[in-house]
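The values are calculated or read from the model by the stated rules, or taken from the named source; none is laboratory data. A quick note: this is a predicted structure, and the numbers were derived from the prediction, not measured. All Cβ positions, even for glycine, are placed from backbone atoms using ideal geometry, and neighbour counts span all protein chains on display.
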Amino acid sequence: MIQDPVFQQALPVLKALEAAGYEAYFVGGAIRDALLGLPIHDVDIATSAYPQEVQDVFPKHFDVGLEHGTVMAWYEGETYEITTFRTESGYQDYRRPDKVEFVQSLEEDLLRRDFTMNALAMASDGQIIDYFNGQEAIKEGRIEAVGVAHERFHEDALRMMRAVRFASQLDFEIAEETSRALKTNAPLLEKIAIERILVEMNKLWQGKNWQKGLAQMLEADLWAYCPYLERQVLETMLKLLASSPFADSDMAWAFYLYLDLGAGADRQAYNQASHQLARAWKMSKREDQHIAGLAYALAVRQGLSVWDADSLYALGFDLAWQLEQTLAQEEAEGSLLSQRFSPANLAACQANWQALPIHSLKDLAVNGSDLIQAFHPAEGAQIGRWLGTLEAAVLAGQVTNDKASLLAWLKEEIATEEEHL
Ligand code: ATP
Ligand code: MG
């Protein structure tokens, strides 16, 4: 396992700490993922060296959480998070230890970690150190708290969200005692900053068995201590949607809103709901807009046989395309949801978009100043109205999108209007 290029690349970092007389190990998620044959994204290092000593070994570094014992070291163009062995105590607020104490033993450091599968270490010779049967848990697909689950969730309530998102990502079962402790401690989730819950929730949506993770949230009542969510909508998601991972967590949230509001709601209703969701979960403006767009696109698509020109123009290609791909996926998996929609048609979506004479107002061959020059409008607001008229005429195929034709067409239109006055 230590042969994995990611570990090989980081190995000199361990060796450098050892050469300076300290203990050092790879720890945490990287060992777990390597044992599972999953790609490793970041290797964390734990060491007996104090932060100041780590800094001495790696002159190129920056501080990320010195009081928690973490130093980010630069080594051959890569950064490595090196954390001093530590224990935690206190946790009066259910989220952060009151006191972090540096210790000299790896075992004590591993003891503070959340689940047995995350409490493994690997030495520079490739030997795996496993005090809590983490390897067995991984082999059996089990998420099990290190020590007494009830106490561990009481210390840090975010661990409960980590449990359900790992259930989704790894398709693992939560061990019995750990599962019971989830239920008992669920209300403590309210103490945790929503931003941190959102990180876990979005990982859950994108996990390989999000249905398992979400079912656990329902089973343990965790959902009730998250803002905005309603049990019935979550249950509908489980019932209607396929179990394949959401390519994008925004899509999961969009489904949530669509199943909550239904196909009858208008754009404004979707915008409002998305805004409330985004505010409750402290999502970014970009997420808010993307979720609103996708959710409304779902509502629109339900009434269509294929994406037609008008709907594509109104929504933009990206949202429609993303949605159509998801619908194709749902169909392939035979989900109940696909029965609500006419068959996915990616080809029509693309062809109808390409056939549009313009894709937005910006594509119009005239702009506001062209209209001012040609027609000297009495009031500025007139320009917007004219542009809108031209846009609609081009889309309806009444006039071709070149400057001369547009100006000639509009001139006639204005003349007719004046006759009517
Ligand atoms: P991921 O693949 O998402 O990075 P990970 O297990 O590596 O999963 P990190 O948040 O990177 O998760 O944390 C690294 C390690 O730190 C974990 O494997 C675990 O040992 C420990 N850890 C992280 N968060 C907690 C927590 N809330 N309580 C206890 N230990 C934790
Ligand atoms: Mg990690």
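Going through the range 19-28 one residue at a time, which ones are modelled with pLDDT of 95 or more and either surrounded by fewer than 16 Cβ atoms within 10 Å (Cβ to Cβ) or within 16 Å of ligand 2 (Cβ to nearest atom) (or both)?
Ala19, Ala20, Gly21, Tyr25, Phe26, Val27
Restricting to the range 94-133, count the residues that are out of contact with any strand residue (DSSP E or B) (no Cβ under 7 Å at 6 or more places or on another chain), among the basic types (Lys, Arg) and crowded, with 20+ Cβ neighbours inside 10 Å.
Summing the residues that are out of contact with any strand residue (DSSP E or B) (no Cβ under 7 Å at 6 or more places or on another chain), among the basic types (Lys, Arg) and crowded, with 20+ Cβ neighbours inside 10 Å in the range 94-133 gives 1.
Looking at Gln216, Gln268, which one is over 22 Å from Gly303 (Cα atoms) and of a type outside the set (A, V, I, L, M)?
From the options Gln216, Gln268, the qualifying one is Gln216.
With the requirement that a residue be touching a helix residue (DSSP H, G or I) at 6+ places or on another chain (Cβ under 8 Å) and either within 16 Å of ligand 2 (Cβ to nearest atom) or within 18 Å of Leu106 (Cβ to Cβ) (or both), what does the range 58-78 give you?
Correct list: Gly69, Thr70, Val71, Glu78.
For the range 106-139, give me each residue that is under 17 Å from Gly37 (Cα atoms), hydrophobic (A, V, I, L, M, F, W, C) and near ligand 1 (Cβ under 10 Å from one of its atoms).
Met117, Leu120, Ala121
With respect to Leu259, is the statement that it is surrounded by fewer than 19 Cβ atoms within 10 Å (Cβ to Cβ), assigned to a helix (DSSP H, G or I) and more than 17 Å from the chain's Cα centre (by Cα) true?
So Leu259 does not fit the description; no.
Counting only residues that are away from ligand 1 (no atom under 16 Å from the Cβ) and closer than 26 Å to Asp130 by Cβ, give me the helices (runs of 4 or more DSSP H) lying completely in the range 1-96 with at least 2 of them.
The helices (runs of 4 or more DSSP H) meeting that bar are 5-19.
Residue-wise test of (1) within 17 Å of Ala365 (Cβ to Cβ); (2) free of Cβ contacts under 8 Å to residues at least 40 places away in the same chain; (3) buried (at least 16 other Cβ atoms within 10 Å of the Cβ).
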residue: Ile383; (1), (2), (3): yes, yes, yes
residue: Gly388; (1), (2), (3): yes, yes, no
residue: Ala393; (1), (2), (3): yes, yes, yes
residue: Gln398; (1), (2), (3): yes, yes, no
residue: Lys403; (1), (2), (3): yes, yes, no
residue: Ala415; (1), (2), (3): no, yes, no
residue: Glu418; (1), (2), (3): no, yes, no
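List, please: which pairs have Cβ atoms under 9 Å, are six or more places apart or on different chains, and start with a residue in the range 124-135 that is under 10 Å from Tyr25 (Cα atoms) and end with one that is part of a loop (DSSP other than H, G, I, E, B) and at pLDDT 95 or above?
Final answer for the pair search is Ile128/Leu120; Ile129/Leu120; Ile129/Ala123.
When you look at Ala137, is it closer than 15 Å to Ile45 by Cα and aliphatic (A, V, I, L, M), yes or no?
no
Can you spot a residue in the range 351-361 that is buried (at least 18 other Cβ atoms within 10 Å of the Cβ) and closer than 30 Å to Asn209 by Cα?
No, the range 351-361 contains no residue that is buried (at least 18 other Cβ atoms within 10 Å of the Cβ) and closer than 30 Å to Asn209 by Cα.
Out of Glu418, Glu379, I need the residue that is among the acidic types (Asp, Glu) and outside any loop (DSSP other than H, G, I, E, B). Which one?
After applying the criteria, what remains is Glu418.
Every residue, every condition in (1) under 25 Å from the mean Cα position of the chain (by Cα); (2) within 16 Å of ligand 2 (Cβ to nearest atom), yes or no:
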| residue | (1), (2) |
| --- | --- |
| Lys99 | no, no |
| Met122 | no, yes |
| Phe132 | no, no |
| Gln135 | no, no |
| Glu140 | no, no |
| Ala149 | no, no |
| Glu173 | yes, no |
| Ile194 | yes, no |
| Ile197 | yes, no |
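I need the full set of residues from the range 164-175 which are crowded, with 24+ Cβ neighbours inside 10 Å and more than 10 Å from ligand 1 (Cβ to nearest atom), in order please.
Of everything in the range 164-175, those that are crowded, with 24+ Cβ neighbours inside 10 Å and more than 10 Å from ligand 1 (Cβ to nearest atom) turn out to be Val164, Ala167, Ser168, Ile174.
Cβ-Cβ distance below 9 Å, separation of 6 or more or different chains: which pairs start in the range 140-153 with a residue that is more than 22 Å from Asp33 (Cα to Cα) and modelled with pLDDT of 95 or more and end on one that is β-branched (Val, Ile, Thr) and not in a helix (DSSP H, G or I)?
Matching pairs, first to second residue: Arg152/Val146.
Considering only the range 58-67, how many residues are surrounded by 11 or more Cβ atoms within 10 Å (Cβ to Cβ) and out of contact with any strand residue (DSSP E or B) (no Cβ under 8 Å at 6 or more places or on another chain)?
Within the range 58-67, residues that are surrounded by 11 or more Cβ atoms within 10 Å (Cβ to Cβ) and out of contact with any strand residue (DSSP E or B) (no Cβ under 8 Å at 6 or more places or on another chain) number 2.
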